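Novice: Dumping the structure here so I can ask a few things about it.
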Amino acid sequence: MTLDPTLAAIRFGTGRSPRIPDPQGADAMLAALAGQDRMAAAYPIPAFTSLFPAIAEIKQVNDRRRAGTASKADLDRKSALRRELQARQWDLTRQTLARGLDTDDGLRERLTWFWADHFTVLGKSTDTRAGVSIFAEEAIRPHVAGRFSDMLRAVVKHPMMLLYLDQSASVGPNSAFARTRPARGLNENLAREVLELHTLGVGGSYGQDDVRELAELFAGLTGNAINGFSFNENRGEPGPETVLGRNYGRRKPKLEDVEQVLDDLAVHPDTARHIARKLAVHFVSDQPDAELVAALEAAFLETGGDLGAVTGTLLAHPSATRPRLQKAKQPTDFIVSSLRALGMTGQEMAEMDPKAFKRLVLRPLEMMGQPWQNPSGPDGWPEEAEAWITPQGLAVRITWAMGLQRHFGGDMPDPRAFVATALGDMASEQLVFAAGAAETRGDGVGIVLASPEFQRR
Amino acid sequence: MTRKATFDRRRFLLTGAALGCTAAASPFMTPVSLAAAPWDMRLVVIILRGGMDGLDVVQPYGDPAFAGLRGNALKVGEAAGAADLDGFFALHPALAPLMPLWAAGELSFAHAVSTPYRDKRSHFDGQDLLEAGTADVPGGAAGRDGWLNRMLQAVPGLEPETAYAIGREDLLILKGTAPVANWAPGTRLALSPQAELLLNRIYEQDPLFHAASEEALRLTGELAAAGSLEDAGPDMAAMQSMMEAATTGGGHLRVAEFAVNRLRADTRVAAFSINGWDTHRGQSQGLGRALAQLSDTILALKLGLGPVWGKTAVLAMTEFGRTARENGTGGTDHGTGGAMLMAGGAVRGGLVHRDWPGMGEGDLYAGRDLMPTADVRSYAAAAMRELLGLDRATLEDAIFPGLDMSGIGKVIL
């Protein structure tokens with residue numbers, strides 16, 4: 001069985017569109033993924049360095065404030081910078097979602113969302129919240145069809161991750177730095193999550209000693225939103241350290257030793273199993289077929305973690321091409337695919353008034369249980385349909401879908417046509433009937449979007 | 001004396017229920033109270049996600065080894081503003097608003113407690129195990145249930161409104177075959193009759209959507225009838241007002257308010273969570289924020305419940321404690337033994353339950369964590385036994401499989 005175009009758009013893309021044809025099967029999707037990243041060019045997201053000037057200036061004001069020399073103008077300037085950084089987060093959010101509306105390479109968006117969730121970072125302060133989109137752009141997106149080890153290296157060296165999981169504050173207890181500041185020492189947060197969440201998985205073959213030794217290897221990694229990433233030998237723990245039975249480094253801490261342990265973790269059999277299962281669960285089913293997981297695991301191991309090859313295996317596997325829709329779309333996916341089906345363009349999204357954007361997208365996401373870029377922990381969002389299709393969550397989805405008339409006004413499509421636009425031949429007879437039997441266009445469109453067929457993938 | 005008599009009568013009633021009398025069959029239940037639970041007591045369980053540092057919240061400042069483990073960035077004891085509880089423990093300053101409850105005998109703690117989870121120190125497995133109430137990490141999503149749901153399973157004939165899972169997340173602790181209600185404050189669902197009819201029809205083909213929409217429609221109806229909802233039209237305006245309600249600050253207070261409204265009516269069990277306990281760095285600020293939410297929540301419950309507070313026990317539990325030593329970044333890392341909080345007019349307060357393990361070098365678990373000396377589940381079990389009249393065999397076999405709750409002191413008045 002090959003991947004049907006409608007299913008390809010729904011299961012592996014950002015949904016069907018009246019403007020953009022469905023991808024013509026697995027090969028077409030993979031070819032697009034191997035080609036140019038046109039959406040990144042159309043809706044650019046700037047480098048992390050673009051945040052530095054504003055954040056550095058805020059820090060100067062804070063320093064003056066602490067010294068008691070900050071003027072009223074300083075504080076006003078700081079507030080303005082803060083507002084500007086906040087606005088930038090929403091600009092980047094609109095850029096990110098606009099890509100999902102316009103793309104004919106939806107697999108790239110979906111893989112970026114998946115991997116950005118696998119390597120969840122949060123902006124811990126207003127200043128760095130815009131950094132979450134930038135992190136995905138810099139550390140995730142370039143590698144979604146590349147090598148897992150390259151993505152892992154990029155993630156662990158990205159200041160957003162170093163800040164989020166407290167690595168930037170950690171110092172080797174026997175480092176040169178700690179000799180003069182004996183209160184300073186290790187923080188094992190990032191090391192633990194790299195093993196538990198990012199590579200081996202919680203069932204993997206590591207113990208507390210491995211967490212500790214990995215944290216010691218990581219001690220020299222520092223990064224912030226003013227100077228970016230650097231490896232600080234002074235803060236590094238003199239080695240060697242033993243992780244999973246292998247020694248890394250010597251007395252003098254070096255970045256190469258960190259890269260070496262990451263490369264080893266990236267191709268570890270436990271990592272292959274963990275990633276294989278996560279991909280199958282995310283894209284196909286909360287209870288994936290064992291053969292699918294095994295096929296992905298084998299592809300990962302055989303290619304040393306080539307994510308393009310692993311993704312190819314996923315799209316070609318019989319259990320990924322079966323029409324039964326088993327997953328529930330997460331709220332972001334639901335909202336983007338709804339707006340895409342309604343024909344909204346990326347340009348319209350990118351230029352949407354901030355208040356309208358909040359009303360149409362941000363608040364509904366929060367109410368549906370997925371506040372934008374703000375999951376409760378580094379494990380990201382839950383996968384199970386039961387976590388999303390709760391009474392309270394579904395109530396919000398229905399209310400949102402039935403209220404879209406308010407936003408689209410006279411541009412609402414005829415529900416009888418819309419059911420085909422949104423779902424092709426995946427719509428049930430009952431839904432086709434219901435779309436035509438609704439009292440208003442708004443209700444008819446709302447019913448299509450609120451249907452199980454549309455909310456599953 | 002009056003109070004004691006009331007409690008005895010209540011216990012008698014409860015025993016009847018636990019023996020298997022349905023509400024309808026109980027001679028103490030009038031037909032009018034059919035929708036209500038077979039008991040009058042209220043149980044609130046708060047899951048503290050992230051691993052609360054029990055050693056900072058309830059500080060064992062009387063342990064001579066404690067000061068040597070903390071004190072760089074994490075100042076402890078009365079000198080740092082903590083309030084003495086019993087000469088050995090002191091309460092974190094951010095919980096000072098709860099000191100009147102301590103004085104009134106409405107607040108207690110259990111210390112050096114943990115779930116059976118050991119060594120991997122993962123939040124996510126730790127929380128799953130805490131909510132599942134089992135000895136091992138539960139398997140995949142399908143077929144898992146939580147201990148509060150299994151408690152409800154032991155009491156036949158309950159209405160779904162007896163127990164509420166509150167908030168936007170799916171709470172494992174209340175999942176299972178016993179019917180419960182799931183809702184988040186501020187949620188509206190209003191449909192034209194025709195749209196409702198059509199949606200019902202298309203949801204019939206998908207059991208998950210069908211169950212969720214049925215419950216959503218039923219709860220919106222009931223909540224509206226209970227007067228806690230405005231009449232909302234099926235448009236963006238309604239959506240807008242519900243979104244506004246959800247995004248202004250104080251979400252935890254809206255959860256508490258919602259719980260109060262339910263618990264004052266037919267609801268007897270409520271569960272929700274408070275996040276923000278994963279204090280790897282800058283713990284003195286981070287923990288203070290989380291504790292302020294916990295303290296606000298408990299005070300809001302007490303205030304809102306009014307006379308019902310006297311029949312209420314609030315249990316606040318976390319997935320694990322944190323390292324005995326503070327780390328090198330002014331915080332603490334994932335540990336093992338920790339503390340649990342109990343509050344309410346029904347709670348036997350003014351004490352810290354513990355079998356203190358000591359904090360000397362050889363006393364720590366794996367050389368780094370507070371050694372757990374009691375299973376945190378035993379305190380939840382004891383609370384349910386004393387509050388709701390559940391028998392020990394049900395608690396140790398069905399609700400918390402494999403639990404041995406012997407040796408746990410009285411936790412409820």
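The values are calculated or read from the model by the stated rules, or taken from the named source; none is laboratory data. Keep in mind that this is a model prediction, so the values were computed, not measured. Here Cβ is always computed from backbone atoms with ideal geometry, including for glycine, and neighbour counts include all displayed protein chains. Accessible surface areas use protein heavy atoms only, side chains included; no ligands, DNA or RNA. Shrake-Rupley method; radii C 1.70, N 1.55, O 1.52, S 1.80 Å.
Novice: When the residues of segment A:351-380 are filtered to those that are part of a helix (DSSP H, G or I) and open to solvent by 10 Å² or more (accessible area, probe 1.4 Å), which remaining residue is farthest from the other protein chains (Cβ to nearest Cβ)?
Specialist: A:PRO354
Novice: Right, another one. I'd like the full set of residues that are open to solvent by 20 Å² or more (accessible area, probe 1.4 Å) and outside any loop (DSSP other than H, G, I, E, B), limited to segment A:1-25.
Specialist: Once the filter is applied, which keeps residues that are open to solvent by 20 Å² or more (accessible area, probe 1.4 Å) and outside any loop (DSSP other than H, G, I, E, B), segment A:1-25 yields only A:PRO5.
Novice: Looking only at segment B:267-300, count how many residues are out of contact with any Ser or Thr (no Cβ under 7 Å at 6 or more places or on another chain) and touching a residue at least 12 places away in the same chain (Cβ under 8 Å).
Specialist: Total satisfying the criteria: 21.
Novice: Being open to solvent by 30 Å² or more (accessible area, probe 1.4 Å), closer than 24 Å to A:LEU365 by Cβ and out of contact with any Phe, Trp or Tyr (no Cβ under 6 Å at 6 or more places or on another chain), is that true of even one residue in segment A:92-115?
Specialist: The answer is yes; a qualifying residue exists.
Novice: May I pose another question? Would you mention how many residues in segment A:436-456 are under 12 Å from A:ASP414 (Cβ atoms) and facing chain B (nearest Cβ under 7 Å)?
Specialist: Number satisfying all stated conditions: 1.
Novice: Now, a different point. Filter segment A:116-165 down to the residues that are free of Cβ contacts under 8 Å to residues at least 40 places away in the same chain and open to solvent by less than 10 Å² (accessible area, probe 1.4 Å), then identify the one that is nearest to the chain's Cα centre (by Cα).
Specialist: A:ILE140
Novice: Among the numbered conditions (1) crowded, with 23+ Cβ neighbours inside 10 Å; (2) touching a helix residue (DSSP H, G or I) at 6+ places or on another chain (Cβ under 7 Å), tell me where B:GLY335 comes up short.
Specialist: All conditions pass for B:GLY335, except number (2).
Novice: Next up: When the residues of segment B:114-138 are narrowed to those that are of a type in the set (Asp, Glu) and touching a helix residue (DSSP H, G or I) at 6+ places or on another chain (Cβ under 8 Å), which ends up surrounded by the most Cβ atoms within 10 Å (Cβ to Cβ)?
Specialist: Filtering segment B:114-138 for residues that are of a type in the set (Asp, Glu) and touching a helix residue (DSSP H, G or I) at 6+ places or on another chain (Cβ under 8 Å), the one surrounded by the most Cβ atoms within 10 Å (Cβ to Cβ) comes out as B:GLU131.
Novice: Now for a separate question. Let me confirm something: among B:ALA24, B:ALA37, B:ALA17, which residue is assigned to a helix (DSSP H, G or I) and either in contact with a Leu (Cβ under 8 Å, 6 or more places away or on another chain) or modelled with pLDDT under 90 (or both)?
Specialist: None of the other options fit; the residue is B:ALA17.
Novice: For A:ARG181, only one of the following conditions fails: (1) open to solvent by 10 Å² or more (accessible area, probe 1.4 Å); (2) at pLDDT 95 or above; (3) within 11 Å of chain B (Cβ to nearest Cβ). What is its number?
Specialist: (2)
Novice: Tell me which residues, restricted to segment A:197-209, are out of contact with any Pro (no Cβ under 7 Å at 6 or more places or on another chain) and open to solvent by 10 Å² or more (accessible area, probe 1.4 Å).
Specialist: A:VAL202, A:GLY203, A:SER205, A:TYR206, A:GLY207, A:GLN208, A:ASP209
Novice: Within segment A:78-88, can one find any residue that is under 26 Å from A:HIS143 (Cβ atoms), open to solvent by 10 Å² or more (accessible area, probe 1.4 Å) and not hydroxyl-bearing (Ser, Thr, Tyr)?
Specialist: The answer is yes, given that some residue of segment A:78-88 is under 26 Å from A:HIS143 (Cβ atoms), open to solvent by 10 Å² or more (accessible area, probe 1.4 Å) and not hydroxyl-bearing (Ser, Thr, Tyr).
Novice: Would you confirm whether or not segment A:339-347 contains a residue that is under 30 Å from A:ILE275 (Cα atoms) and either modelled with pLDDT of 95 or more or open to solvent by less than 10 Å² (accessible area, probe 1.4 Å) (or both)?
Specialist: The answer is yes; a qualifying residue exists.
Novice: Only one residue in B:GLY338, B:GLY321, B:GLY358 is more than 14 Å from every other protein chain (Cβ to nearest Cβ) and more than 22 Å from A:GLU188 (Cβ to Cβ), so which one is that?
Specialist: Result: B:GLY358 is the single residue among B:GLY338, B:GLY321, B:GLY358 that is more than 14 Å from every other protein chain (Cβ to nearest Cβ) and more than 22 Å from A:GLU188 (Cβ to Cβ).
Novice: Further question on the same structure: Which members of segment B:234-274 meet the condition of being within 13 Å of another protein chain (Cβ to nearest Cβ) and at pLDDT 95 or above?
Specialist: B:PHE272, B:SER273, B:ILE274
Novice: Regarding segment B:212-224, can at least one residue be identified that is of a type outside the set (Asp, Glu), at the interface with chain A (Cβ under 7 Å from one of its Cβ atoms) and open to solvent by 40 Å² or more (accessible area, probe 1.4 Å)?
Specialist: Scanning segment B:212-224 turns up no residue that is of a type outside the set (Asp, Glu), at the interface with chain A (Cβ under 7 Å from one of its Cβ atoms) and open to solvent by 40 Å² or more (accessible area, probe 1.4 Å).
Novice: Follow-up question, since we're still on this one. Scan segment B:102-110 and give yes if some residue there is modelled with pLDDT of 95 or more, under 26 Å from A:ARG192 (Cα atoms) and of a type in the set (S, T, N, Q), otherwise no.
Specialist: no
Novice: Take segment A:383-434 and flag every residue that is away from chain B (no Cβ under 13 Å), assigned to a helix (DSSP H, G or I) and either among the charged types (D, E, K, R) or open to solvent by 10 Å² or more (accessible area, probe 1.4 Å) (or both).
Specialist: A:GLY410, A:ASP411, A:ARG416, A:ALA417, A:ALA420, A:THR421, A:GLY424, A:ASP425 - these are the residues of segment A:383-434 that are away from chain B (no Cβ under 13 Å), assigned to a helix (DSSP H, G or I) and either among the charged types (D, E, K, R) or open to solvent by 10 Å² or more (accessible area, probe 1.4 Å) (or both).
Novice: Can I ask one more? Taking B:LEU191 and the conditions (1) facing chain A (nearest Cβ under 7 Å); (2) more than 26 Å from A:GLY436 (Cα to Cα); (3) not in a helix (DSSP H, G or I), which numbered condition does it fall short on, given that it satisfies the others?
Specialist: It is condition (2) that B:LEU191 fails.
Novice: Let me ask you something else. Find all pairs meeting these conditions: Cβ atoms under 6 angstrom apart; at least six residues apart or on different chains; first residue within segment B:112-129 and closer than 10 Å to B:GLY337 by Cα; second residue part of a strand (DSSP E or B) and modelled with pLDDT of 95 or more.
Specialist: Every condition considered, the pairs that remain are B:VAL113/B:MET340; B:VAL113/B:ALA374.
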